There are 2 protein chains.
Amino acid sequence: MSVRYVGKDIPRNDGFDKVTGRGVFTFDVHLPRMLHGKILRSPYAHAKVLSIDTSAAEALPGVRAVCTFENTTAKLWNGAAPMFITPLPHKPVLDQTIFTGEPKYIGDEVAGVAADTEEIAAQAVKLIRVEWQQLPAVYDPLEAVKPDAPQVQPRFANPEYNNICGGPVILTFGGDPDEAFKHCDEVVEYRVKLPRVKQAQMETHGAVASYCPDGRLDVISTTQAPYPTKMILAEALDLPVSKVTVRNPPYVGGGFGVRIGLSGKAEILAAALSMKCGRPVKLIYTREEDFTCSDSRHGGYLECRLGARKDGAFVALDTRAWLNTGAYATFGTDLVGVCGACGTAGAYVIPNFRYTGWPVYTNQMTAGAMRGFGSPQGNAVVEPAIELMAQRLGMDSIELRKKNSTREDTRNWFPFPPGSCGTNECLDRAAAAIQWNEKHGRAAQQTGPVRRGVGISAGTHVSNAAPFCVDYNTVLLRIERDGTLFVNSAIPEIGPGSTTACLQVASDLIGVPFQNAVMKFGDTDAAAFDIGSHATRTLYTVSYVMADAAKELRRDIFTWVGRHLDLDPGSLELDDGIITSGGKPVSTLAEMASAAHLEGKQFMASSCKVPPNCLPFYAQAAEVEVDLETGMVKVLKVAAAHDVGRAVNPRLCKGQIEGGVLQGVGYAVREEMTYVEGKGFYNKGFHSYMLPTADDRPEIESILVENPDPSGVFGIIGIGECGVNPTLAAIGNAVEDATGVRFHEFPLTPGRVLAGLKAAGKV
Amino acid sequence: MSVRYVGKDIPRNDGFDKVTGRGVFTFDVHLPRMLHGKILRSPYAHAKVLSIDTSAAEALPGVRAVCTFENTTAKLWNGAAPMFITPLPHKPVLDQTIFTGEPKYIGDEVAGVAADTEEIAAQAVKLIRVEWQQLPAVYDPLEAVKPDAPQVQPRFANPEYNNICGGPVILTFGGDPDEAFKHCDEVVEYRVKLPRVKQAQMETHGAVASYCPDGRLDVISTTQAPYPTKMILAEALDLPVSKVTVRNPPYVGGGFGVRIGLSGKAEILAAALSMKCGRPVKLIYTREEDFTCSDSRHGGYLECRLGARKDGAFVALDTRAWLNTGAYATFGTDLVGVCGACGTAGAYVIPNFRYTGWPVYTNQMTAGAMRGFGSPQGNAVVEPAIELMAQRLGMDSIELRKKNSTREDTRNWFPFPPGSCGTNECLDRAAAAIQWNEKHGRAAQQTGPVRRGVGISAGTHVSNAAPFCVDYNTVLLRIERDGTLFVNSAIPEIGPGSTTACLQVASDLIGVPFQNAVMKFGDTDAAAFDIGSHATRTLYTVSYVMADAAKELRRDIFTWVGRHLDLDPGSLELDDGIITSGGKPVSTLAEMASAAHLEGKQFMASSCKVPPNCLPFYAQAAEVEVDLETGMVKVLKVAAAHDVGRAVNPRLCKGQIEGGVLQGVGYAVREEMTYVEGKGFYNKGFHSYMLPTADDRPEIESILVENPDPSGVFGIIGIGECGVNPTLAAIGNAVEDATGVRFHEFPLTPGRVLAGLKAAGKV
């Protein structure tokens, strides 16, 4: 088996479709007799609908269905995939309905209309008359946990933990931190308040649902997890799983976690409307709906204590997090767990560890999965503490990190070995790229209004969701009559180029030329179960299952070819479409596939497996410029060194890192969902939500550290989410390096920085 | 394994979609940026294009592509599936191109236009200026075979056989008929001229082709054989097979053989236009195009000699057929073979057999596959001869047939055993239903202008195309999380209710409730190779492959359940979703599928196999009324007794028989494509093509004879095409019984009958 395609910068398969505009996205889908849906959303953060009158809406010509919480199933569900697929340590929190008569945030779905045009549907929504009774609301997690705070989800009232969804998540390993702290030489503390930020993916949520009154439901949507979406739809709508189809059309304009399972709600809203009228219904979220009525990253409060010995060895870490999960649980409980497990625990050897996370209900839009899934938050509290510890110990913080970094033999909270541990190489290479030795700790030598500093942060995440939830893939491989390869998997292509990289792996695993290999993806009809594209898992896990199927496929080919050519199957090899026996070419796969076809035989194989998991380690170093007069933080450079195991397609791999870093830059210095009481989030689109623009883009140096992981096919480690995880902390550390001020609230907007500098007496 | 669903009249799965109009057919498909195609067709039966000027068409606003024979690949192909899938005894005849500069029939494709609307495309077609040179043409097969006849396909000129496509098909078995005839007690001869008739399926040919300049071609079409269509497209257009997708949308409004492979040309015409402009192109044939530019049944001339001993034992049969295959070969050579093998040889024991068939090129629209595929033609010449022989021997013709009918141990031309041989039971039951003994041979006792008579005909066909061409199916089975069944096969649903019947079989084979079982069909992306819906094979062959996959699926389920519940897998049984061990219920499939899912396991299995073949025997008896004054033949009743092995869904099975019989009635007394020299076929739609209407519909008594076939799952035998095969001969025999006149040309229209009666001195 030669490695011909893995490692090459092959242009993306979806490139042509996307640059020419011919690729079909959900927005482009048109079905015969299709209607358009619009949603009536609550104008209040917490209210009760005393009465609802849809008669005027129903009477409007062109209106075909009006659904409300009164005429639509009120079966409880949870939009997060884990609901039906996870053996959770916590009982799944079923707290959502399709429509609600007791809205819990500004934007909550109360009713919906399907009509001949979008305009008629929008007009009909305005004709729905609602009598509201406002109820007390709470917005801040620290307020919400107080015993006398209003109950966001009275159904889950718990006298012990007010507004905690599913109860606190407590992770421990090693010894007792409280006891251990007593024996530390140094103990530092750090607390931080993090903003709520949005995925801001290119394509808003959308779905076209087509229900047939005989019980079938077909959904075309922007989901990044077709199978979980299908399963939750079936459960919530009481349909047999086999009768629900979910597929991408086939392209999806980004995901970043916002549409796993039903966390993008467009599917079930469109389905409810379609079930009401028996016609296909298309529901495309406006950008405002997408910003204000779909899951975001969890904001909230975190604090930690870190204890170490004089020599720098970490002794104990105790972290607490109160994350704002908003009105519904979705991924709330899972995410606070990952925040602790990956964000605070994963990257270092910590003998005495405790993490307590509270997913707190508030009357705000739900927070759910977003790239990093808790890791950025955990990183943001621990990495500054390490910086503080280095200062306290008088050590270089990189040396301190390297001394404590997770090693191949470390066993902490994770029930699997960490795999390839490239943290130290990442630290060294990021430091070198940012000229750490020349630039770090130069605050005192700088004068003038503009100061520079460098900071660093290391961390880890996961390469898969297993074994924390049900997590497996199915892959079907077949060789066509002309020897070309067809791969079938329900995994979606949400943008990273996964289907290109997967085919590079498949081509090498099987031994066929890449250029004619094709992958069918994102369709639950065409393939068996696949948990979807999330958890940094796509390439790592699909490759794992493909490797198994490829082995079977090659056995199938060699058995048949051996018989057909009267050769020992054990002597056969297949490389780039050429079949050899004992090293001598004997035929081509094209010839043999054609001959087999004439005998009624197609070479095919499948595999359905639970893939493993491993930790992707990384370090990012940032250089910033802080204007003491304006408070403006400009990120000059981020050197992002990631242990990717093996870069299947270096260009795509760097693309993942760069995209993540830029999201991290926004998280650190620009992006913030600002809540205005009585009005909801101020940020309703790209004009008011400060995504980094080309102007804000630092130089990003992506450094691919290739330490093949023993669990990954060709040594692959997950990369998808990692780019964003350590960036905020690296930038925060760099700002402190530039100014001498440690900030406790992000993003570091000019106003916030200026206030901080003033409070610290620096300006 | 209980039989719960097989044998039940379960309503069709596609019923709701079809009666409510929500089912999507190719006509309904709309893709983003889709254009509409129109074709410039030859007004001459044989011509050469001296020059073609498309500049005016190209200049018309809204025109996006103009394809002609000059700018489109001229690679030769054959629209019939066998081209790329068959190890034919004859070399495949590659005689078609997408467009041609030397059109060979009125309607032949010369150029095509894709434009923003159908109207613009039609207008642009009119703007194409062509300078034609007319060439000599020939229309009748007996004329065309003469040495001095014009050459329809000069490329295949053969001095020995003029205008014979692929050479004559000669079938023999047993001894030498010429010698055997010398020793017969009686020898009879019969000759017949049969009309060209059309499938007249509900939905005209149509395709939406979408080519992406990176090499992918997606086609949604009316094909009844998605995989062969995909393969021929790939070959003809020089694309990798893996990059071509063909699927139904999912419904197809009938097939009757008219769209196997590329015999429906819409796909390749739309593809050529799409390749020219890189946008999706929709091409829907008008009814006129469908009638005059797509394959029909072969008309032509047949003659036979039948020799027997005094006791009625058949001794020798020698048949010759000249069938009009039109301008291109498509299925020409295969069909004349089936005409001999099934139509003349299959139903009886014939010790000395010869059949010679000539597929003759003429300058008419191509004839190809149509329900029965040669069997009706063969039946139409042999069954009257048997009637004549009975008269000559003074025997009852039913007794004569029964004495000679094929038995389980008969081995004739077919390389497989005949299977269950229900001919005699069919003859007896059809005879009883038509009151043969009371009504037959009563011509002499009738007076007045209206005479009645009864006739009978027996025959056989096939249940599959194997082993005569590459012929196999692939089936993928999976159990969803809730225990419901999902079946994936590329077989299409062209109308007979195949997907309902297949799921009845699957439900019983696996042991799951039918109501939540789902079948995905007609999509080459979703499933591996399947030869398609034709050759009376769908239910018979898919069931065969499903049985294999079901065995594997049950093994998969029992292995896992046995381990999970600590039970001996060998003790487990699954019936209607309930799992028992040693007869006692231990769980449900729903519970176990859900538990397996939580462990990362989905129950699934696949099979890819060449199914067997068997002969479906039948007999039909007809009663007619002949008006001696008008020549009008009214078919009063057809009693159709078919050995179906096992009726999976008796209502659907009878539906197949009834539809076939009515097509046979049209063939016998109404339908005829009438060629007008210089103008082409007169019949351009339903106003001029005399399909039987409700008024012409006789009483049809479908008699299901159930002799389980040893090769068929649950004893199934194919039924799809059989209904039409013997009807014409039964009616012809009945007309002779009523009038004493034996006709030699069909259909028996009033004019033809009156002329015949006059010539015979009967009126």
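Structural remarks
- Checked against (1) in contact with a strand residue (DSSP E or B) (Cβ under 8 Å, 6 or more places away or on another chain); (2) more than 23 Å from residue B:720 (Cβ to Cβ); (3) of a type in the set (Lys, Arg), residue B:287 meets all criteria but (1).
- Here residue B:133 passes the criteria (1) of a type outside the set (Val, Ile, Thr); (2) surrounded by fewer than 24 Cβ atoms within 10 Å (Cβ to Cβ); (3) within 23 Å of residue B:295 (Cα to Cα) except the one numbered (3).
- Matching residues in the stretch B:314-336 - criterion: being under 21 Å from residue B:77 (Cβ atoms) and small (Gly, Ala, Ser): B:326, B:327, B:329, B:332
- Residue within the stretch A:60-71 that is without any contact (Cβ under 8 Å) to a residue 24 or more places away in the chain and open to solvent by 20 Å² or more (accessible area, probe 1.4 Å) present: no
- The residue that is farthest from residue B:680 (Cα to Cα), among those in the stretch B:277-304 that are among the basic types (Lys, Arg) and open to solvent by 10 Å² or more (accessible area, probe 1.4 Å), is B:279.
- The set of residues in the stretch B:314-334 being farther than 19 Å from residue B:190 by Cβ and modelled with pLDDT of 95 or more consists of B:324, B:325, B:326, B:327, B:328.
- Tally of residues being of a type in the set (A, V, I, L, M, F, W, C) and within 11 Å of chain B (Cβ to nearest Cβ) across the stretch A:204-216: 1
- Being within 12 Å of chain B (Cβ to nearest Cβ) and open to solvent by less than 10 Å² (accessible area, probe 1.4 Å) is true of residue A:527.
- In the stretch A:227-260, the qualifying residues are those that are within 14 Å of chain B (Cβ to nearest Cβ) and more than 18 Å from residue B:484 (Cα to Cα), and the one that is most open to solvent (accessible area, probe 1.4 Å) is A:247.
- Per-region count, the stretch A:330-376, residues under 17 Å from residue A:534 (Cβ atoms) and small (Gly, Ala, Ser): 10
- Residue count for the stretch A:144-163, restricted to those that are without any contact (Cβ under 8 Å) to a residue 60 or more places away in the chain and exposed (fewer than 15 other Cβ atoms within 10 Å of the Cβ): 8
- Candidates B:661, B:648, B:665 - the one that is of a type in the set (Val, Ile, Thr), under 30 Å from residue B:541 (Cβ atoms), in a loop (DSSP other than H, G, I, E, B) and within 23 Å of the chain's Cα centre (by Cα): B:648
- Residue among A:166, A:175 that is among the small types (Gly, Ala, Ser), open to solvent by 30 Å² or more (accessible area, probe 1.4 Å) and farther than 27 Å from residue A:259 by Cα: A:175
- Tally, over the stretch A:590-603, of residues that are under 38 Å from the mean Cα position of the chain (by Cα) and more than 10 Å from chain B (Cβ to nearest Cβ): 0
- If the condition is being in a loop (DSSP other than H, G, I, E, B), open to solvent by 30 Å² or more (accessible area, probe 1.4 Å) and either farther than 30 Å from residue A:614 by Cβ or touching a helix residue (DSSP H, G or I) at 6+ places or on another chain (Cβ under 8 Å) (or both), then the stretch A:409-468 contributes A:413, A:435, A:440, A:441, A:442, A:446, A:447, A:448, A:449, A:468.
- You will find that of B:718, B:756, B:723, B:732, the residue that is outside any loop (DSSP other than H, G, I, E, B) and under 30 Å from residue B:646 (Cβ atoms) is B:723 and no other.
- Any hit, the stretch A:486-501, residues being on the phi > 0 side of the Ramachandran plot, at the interface with chain B (Cβ under 9 Å from one of its Cβ atoms) and in a loop (DSSP other than H, G, I, E, B): no
- Scanning the stretch B:347-362 for residues that are assigned to a strand (DSSP E or B), among the hydrophobic types (A, V, I, L, M, F, W, C) and open to solvent by 10 Å² or more (accessible area, probe 1.4 Å) yields a total of 1.
- Residue A:550 vs. criteria surrounded by 22 or more Cβ atoms within 10 Å (Cβ to Cβ) and assigned to a helix (DSSP H, G or I): yes
- Of everything listed in (1) open to solvent by less than 10 Å² (accessible area, probe 1.4 Å); (2) touching a strand residue (DSSP E or B) at 6+ places or on another chain (Cβ under 9 Å); (3) not charged (D, E, K, R), the single unmet condition for residue A:680 is (2).
- When residues in the stretch B:604-632 are screened for being within 14 Å of chain A (Cβ to nearest Cβ), part of a strand (DSSP E or B) and within 30 Å of residue B:419 (Cα to Cα), 5 of them pass.
- Looking only at the stretch A:534-547, and only at residues there that are open to solvent by 10 Å² or more (accessible area, probe 1.4 Å) and not β-branched (Val, Ile, Thr), the one that is farthest from residue A:485 (Cα to Cα): A:535
- Qualifying residue in the stretch B:633-645 (condition: closer than 30 Å to residue B:419 by Cβ and in a loop (DSSP other than H, G, I, E, B)): yes
Table: residues versus (1) closer than 20 Å to residue A:750 by Cα; (2) of a type in the set (Val, Ile, Thr); (3) modelled with pLDDT of 95 or more; (4) outside the structural domain of residue A:454 (by TED's automatic domain parsing).
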{"residue": "A:585", "(1), (2), (3), (4)": "no, no, yes, yes"}
{"residue": "A:589", "(1), (2), (3), (4)": "no, no, yes, yes"}
{"residue": "A:605", "(1), (2), (3), (4)": "no, no, yes, yes"}
{"residue": "A:628", "(1), (2), (3), (4)": "yes, no, yes, no"}
{"residue": "A:634", "(1), (2), (3), (4)": "yes, no, yes, no"}
{"residue": "A:648", "(1), (2), (3), (4)": "no, yes, yes, no"}
{"residue": "A:668", "(1), (2), (3), (4)": "yes, no, yes, no"}
{"residue": "A:672", "(1), (2), (3), (4)": "yes, no, yes, no"}
{"residue": "A:680", "(1), (2), (3), (4)": "no, no, yes, no"}
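- Whichever residue in the stretch B:502-521 is within 12 Å of chain A (Cβ to nearest Cβ) and out of contact with any strand residue (DSSP E or B) (no Cβ under 6 Å at 6 or more places or on another chain) and, among such residues, is most open to solvent (accessible area, probe 1.4 Å): B:515
- Checking residue B:559 against (1) without any contact (Cβ under 8 Å) to a residue 12 or more places away in the chain; (2) in contact with a Pro (Cβ under 7 Å, 6 or more places away or on another chain); (3) within 13 Å of chain A (Cβ to nearest Cβ), the condition it does not meet: (3)
- Scanning the stretch B:594-603 finds no residues that are assigned to a strand (DSSP E or B), open to solvent by 10 Å² or more (accessible area, probe 1.4 Å), of a type in the set (D, E, K, R) and over 30 Å from residue B:729 (Cβ atoms).
The values are calculated or read from the model by the stated rules, or taken from the named source; none is laboratory data. Keep in mind that this is a model prediction, so the values were computed, not measured. Cβ: placed from backbone, ideal geometry, glycine included. Neighbour counts: every protein chain shown. These area figures cover heavy atoms from the full protein model, side chains too; ligands, DNA and RNA do not enter into them. Shrake-Rupley method; radii C 1.70, N 1.55, O 1.52, S 1.80 Å.
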